[in-house]
Amino acid sequence: MFSPSVGPGFPLLLPKGALIRRLLEEFAYEIKTKYGLTFVWTPHVAKSDLYKQSKHWQKYDAMMPPLKIEEDEYTLKPMNCPHHFQVYLNKPWSYRELPLRLAENGTVYRFEKSGEINGLLRVRALTQDDSHWFVPHEMLAEEIHRALSLTKEIYSTFGLKNFYARISSHDPKNFEKYLGQKKTWENAEKALEEAVKKQKIQYSIGIGEAVFYGPKIDIMIRDSLGREWQVTTIQLDFNQPENFNLLYRDKDGQDKRPAILHVAIFGSIERFMAILIEHFAGAFPLWLSPVQVAVLPISDKQVKYAQKIVAELQENNIRTDFYNKPESIGKKIREAELRKIPYMLIVGEKEQKAKTVAVRARNQPARRSLGEGGKDLGAMKLDKFIGRVLKEIKNKSL
Ligand SMILES: [Zn+2]
């Protein structure tokens, strides 16, 4: 929802939306940790000077207006990068400790004009699944490959298959406008292209589209309505290591500058949520569904038995709704179907006697391909059903 008292472009998430966002964040923690990223936390506010040093103050047009605290001028952070550079500067680094990959699901604030705000897609407060990888130049190819593997694994978890990469490279006729050496650029661009090829991702190259500080890969996803969204960015940066004097001690005892990879896979978590809502048409996979199971007693006589089932599901951390209103079972089923709840447990006299539940699976494409969509899976012991559900959640099955 939006509230005029909070202001346009600042979304408020209701319980179900907040739950999905938290699950996406937890998934980001889980999978990124597996890929060798380390999570940090940084505040939402910093001195304006930090952004002057990074040159965002001079060049980035969506800075929020400054605020004053005592004698100093501060600003809301529009990017997490300079904060992560401060974390890097906290101690000296040896080549043995690199690459260092600092991650944060960081909320940033941007001055989008009121005419440009659009639902969850264009907001003034958004959370990036951001990360900054500090990489010795000779390890760039390997690390770009790692970033793309991570991207592909995340996409496949959501069944997102319709995507392609766009590589932005330098304009060879105007090299003077870029920072760094030509050879460094050529090597980096070659590494980007080879990584995309190796991952068998469809791609195109935009010659001359790179910003002055480094080439990048953007990944575009097409949603179910055929619209394209820019989601993932893997951006090389040869500039900020200079601005912030980032160094590491190499094998030969010399201080060298690492390259930086800015890597955000979901991009904005809120926008990714909006894409997922379209992609799944509201029928989220079990692990992401705000309500996973609905328990539907056929008549009042089964309410007590149904209550026990609800309690046992909740004890197993399965998100459960209890349909105990005095309505016909047909009406209850229709309501649960409309809400796209993955499983319905229907309990009547027969089930109560046999101490079972009648299981009905939601009608959705993934289930239809299993031959289970909208079907009664028959009577099951509750233990067996719980086992099935927990396994499906753990595997993040589609
Ligand atoms: Zn960054």
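Just so you know, all these numbers are worked out from the coordinates, no wet-lab data involved. On a predicted model such as this, the values are computed, not experimentally measured, just so you know. Positions of Cβ are backbone-derived with ideal geometry, glycine not excepted, and every protein chain shown enters the neighbour counts.
Observations on the structure shown:
- From phi via Karplus (6.51, -1.76, 1.60), per-residue ³J(HN,Hα) for region 273-278 in Hz, x at Gly/Pro: 4, 4, 5, 5, 4, 5
- Region 135-176 and region 182-248: distance between their alpha carbon centers, rounded to Å: 6
- Using a Gaussian network model of the chain in which every pair of alpha carbons under 10 angstrom is joined by a spring, one finds that among Leu37, Leu14, Leu276 the greatest mean-square fluctuation is at Leu14.
- ³J(HN,Hα), Karplus 6.51/-1.76/1.60, whole Hz, each residue of region 112-120, x for Gly, Pro: 7, 5, 4, x, 9, 6, 8, x, 8
- Summary of packing: across the peptides 133-140, 158-165, the per-residue average of other C-beta atoms within 10 Å ranks them, highest first, as 133-140, 158-165.
- The H on the amide N of Asn162, modeled in the peptide plane, is under 5 Å from the matching H of Arg222, each at least 5 residues off or on a different chain.
- Computed per residue of the chain from DSSP H runs no shorter than four, each worth -39500 (n - 2.57), the mean residue ellipticity at 222 nm is -10000 deg cm²/dmol.
- Eligible lysines near Lys325 by straight Cα distance, threshold 17 Å, same-chain separation 8 or greater: Lys301, Lys304, Lys308
- The HN-Hα couplings worked out from phi for region 144-152 by the Karplus form 6.51 cos²θ - 1.76 cosθ + 1.60 (θ = phi - 60°) are 5, 4, 4, 4, 6, 4, 4, 4, 5 Hz, whole numbers, x standing for Gly and Pro.
- Amide H within-cut-off set for Val45, under 5 Å, with H built and near neighbours excluded: Lys77
- Fraction of antiparallel bridges per DSSP, the chain only, in percent to nearest 5: 75
- Shape of region 15-279, Cα gyration tensor, a/c cut at 1.5: rounded
- Nearest-0.05 FRET efficiency for Glu186 and Lys161, computed from C-beta distance (R0 25 Å): 0.20
- Around the amide H of Leu377, modelled in the peptide plane, lie the amide H atoms of Val359, Arg360, Ala361, all under 5 Å away and 5 or more residues distant in sequence or on another chain.
- Principal-axis tilt of helix 382-394 within the chain, Cα atoms, nearest 10 degrees: 10
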